[in-house]
Protein chains: 2
Amino acid sequence: MKQTLIIGASGQIGKKFTQLMLDNDQHVVALVRDKSKLSDIHNDKLTIVEEDLNKDFGHAFKDCENVVFAAGSGGHTGADKTILIDLWAACRAANYAKNHDVKHFTMVSSIGAGDPSEGPENMHPYLVAKHMADEHLMNSGLHYSIIRPGSLTNDTGKGKFTNQRPEQKEQATITRDDVAKALLFAVTNPPKKSAITEIFNGSKNIDEVLPS
Amino acid sequence: MKQTLIIGASGQIGKKFTQLMLDNDQHVVALVRDKSKLSDIHNDKLTIVEEDLNKDFGHAFKDCENVVFAAGSGGHTGADKTILIDLWAACRAANYAKNHDVKHFTMVSSIGAGDPSEGPENMHPYLVAKHMADEHLMNSGLHYSIIRPGSLTNDTGKGKFTNQRPEQKEQATITRDDVAKALLFAVTNPPKKSAITEIFNGSKNIDEVLPS
């Protein structure tokens with residue numbers, strides 16, 4: 001049975017993605033700190049594992065072929081949490097995945113993580129954490145997809161994308177609904193070669209935007 | 001002329017090390033944010049470069065054969081500064097060094113940086129930052145020495161060392177004077193193979209403790 005571990009499955013993107021995976025008949029292991037946050041999802045393809053990402057969470061990787069790291073809370077938490085979750089938990093997730101022979105690791109990264117110093121100054125600590133987590137994954141030997149969404153919005157998903165960064169910063173956005181759709185595609189259609197892709201709302205279908 | 005760039009040359013270890021290098025007839029480029037902090041050092045082998053480590057500091061690497069990263073302020077600053085200086089400035093220093101064909105890079109790291117999760121909880125963010133900076137250097141292709149001192153003290157230097165971590169945590173200490181001496185040795189006697197060494201005060205001479 002092919003299972004996907006979703007780390008941070010009760011987060012804003014994580015929960016949408018978890019629901020979408022289940023709607024598409026995918027078996028999911030949802031790693032969350034508080035399982036009550038998923039109490040409204042009832043599905044026999046869902047296994048919930050409750051664990052703190054600051055503790056050992058290697059046991060959650062058992063029998064999972066795919067891993068998606070969707071934990072973290074954007075650029076607005078304290079920098080200590082940024083280091084411990086966005087950076088360190090992500091690195092440890094890659095290490096656990098490597099030890100469990102995971103076939104494909106999808107990282108929810110961020111626009112600007114490629115070159116943190118170019119981002120807005122108040123975002124630097126967050127972007128550095130994401131950059132270093134991505135770098136660790138890239139050096140891990142794992143087969144990976146790094147997805148770098150633009151600024152996230154809560155608008156209703158459009159189902160249309162681009163991987164070309166819009167020139168106007170205000171247009172470099174994507175709905176959380178659509179990030180979840182992109183993750184579904186990345187997990188169910190892993191690219192032949194590991195890849196890093198920035199994604200935004202645009203006018204194309206997802207299979208034209210993510211590498212195959 | 002063989003020059004050594006000291007990044008963070010006005011810090012608690014950095015300034016002792018800078019003075020020691022000059023006392024040993026070494027040419028030093030001292031990178032500091034505020035040059036007045038070195039105004040009491042007068043030596044024609046000293047060149048001071050004033051720059052903020054959050055800005056581009058690549059110009060300081062010109063004509064430097066050795067680099068020592070001694071910036072940072074331990075585990076007691078805010079976590080945002082930990083990310084920006086202890087981690088990001090260190091990574092960028094390694095990148096600049098690589099671009100300038102630096103022959104040997106010495107990183108002042110920390111006991112516990114090898115396995116951050118094993119350290120005291122309040123130190124985790126700092127130790128993760130040091131761990132990831134060390135990892136970046138190790139993957140850089142540079143020839144390096146990573147020095148991981150025990151808990152730092154301001155006692156007078158003893159000139160005696162060990163690289164065996166004492167069992168009692170209270171004994172896993174080293175004076176800042178002696179870290180400066182160890183750095184002098186590392187820079188003037190770079191090891192054949194890149195190396196990572198924990199150092200503490202002990203009973204041996206430095207040439208018995210650092211690899212040759």
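Observations on the structure shown:
- Restricting the range B:129-177 to residues that are among the β-branched types (Val, Ile, Thr) and in contact with a Gly (Cβ under 9 Å, 6 or more places away or on another chain), the residue that is farthest from residue B:85 (Cα to Cα): B:162
- Scanning the range A:1-27 for residues that are among the aliphatic types (A, V, I, L, M) and more than 25 Å from residue A:153 (Cα to Cα) yields a count of 1.
- Flag for residue A:189 being in contact with a strand residue (DSSP E or B) (Cβ under 7 Å, 6 or more places away or on another chain) and of a type outside the set (Ser, Thr, Tyr): no
- The single condition from (1) of a type outside the set (Phe, Trp, Tyr); (2) within 26 Å of residue A:195 (Cα to Cα); (3) free of Cβ contacts under 8 Å to residues at least 40 places away in the same chain; (4) not in a helix (DSSP H, G or I) that residue A:15 fails is (4).
- Odd one out for residue B:179 among (1) surrounded by fewer than 14 Cβ atoms within 10 Å (Cβ to Cβ); (2) in contact with a strand residue (DSSP E or B) (Cβ under 9 Å, 6 or more places away or on another chain); (3) of a type outside the set (S, T, N, Q): (1)
- Single unsatisfied condition, residue A:92 versus (1) more than 24 Å from residue B:114 (Cβ to Cβ); (2) among the basic types (Lys, Arg); (3) without any contact (Cβ under 8 Å) to a residue 40 or more places away in the chain: (1)
- Test: residue B:66 is surrounded by fewer than 22 Cβ atoms within 10 Å (Cβ to Cβ) and either within 17 Å of the chain's Cα centre (by Cα) or without any contact (Cβ under 8 Å) to a residue 60 or more places away in the chain (or both): no
- The range B:91-141 - residue that is within 12 Å of chain A (Cβ to nearest Cβ) and of a type in the set (S, T, N, Q) and, of those, nearest to residue B:60 (Cα to Cα): B:95
- Entry remark, the range B:1-12: residues being of a type in the set (Lys, Arg) and assigned to a helix (DSSP H, G or I) number 0 in total.
- Test: residue in the range A:199-209 that is under 16 Å from the mean Cα position of the chain (by Cα), farther than 16 Å from residue A:68 by Cβ and touching a residue at least 40 places away in the same chain (Cβ under 8 Å): yes
- Search result, residues across the range B:157-176 that are in contact with a strand residue (DSSP E or B) (Cβ under 7 Å, 6 or more places away or on another chain) and of a type outside the set (A, V, I, L, M): B:157, B:158, B:160, B:161, B:162, B:163, B:165, B:166, B:173, B:175, B:176
- Counted residues, the range B:183-198 - those being touching a residue at least 60 places away in the same chain (Cβ under 8 Å) and either on the phi > 0 side of the Ramachandran plot or not in a strand (DSSP E or B) (or both): 6
- Residue in the range B:68-77 that is in a strand (DSSP E or B), at pLDDT 95 or above and away from chain A (no Cβ under 14 Å) present: yes
- A single member of A:23, A:34 is exposed (fewer than 15 other Cβ atoms within 10 Å of the Cβ), in contact (Cβ under 8 Å) with a residue 24 or more places away in the chain and at negative phi, and it is A:34.
Every residue, every condition in (1) among the basic types (Lys, Arg); (2) closer than 24 Å to residue A:29 by Cα, yes or no:
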{"residue": "A:83", "(1), (2)": "no, no"}
{"residue": "A:87", "(1), (2)": "no, yes"}
{"residue": "A:95", "(1), (2)": "no, yes"}
{"residue": "A:106", "(1), (2)": "no, yes"}
{"residue": "A:119", "(1), (2)": "no, no"}
{"residue": "A:122", "(1), (2)": "no, no"}
{"residue": "A:130", "(1), (2)": "yes, yes"}
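- The single residue among B:52, B:40, B:80 that is assigned to a helix (DSSP H, G or I) and either among the small types (Gly, Ala, Ser) or free of Cβ contacts under 8 Å to residues at least 60 places away in the same chain (or both) turns out to be B:80.
The values are calculated or read from the model by the stated rules, or taken from the named source; none is laboratory data. The shown structure was predicted, so the numbers you read here are calculated from the model rather than taken from an experiment. Don't worry about glycine lacking a Cβ; one is built from the backbone with ideal geometry, like all the others, and counts go over all protein chains shown.
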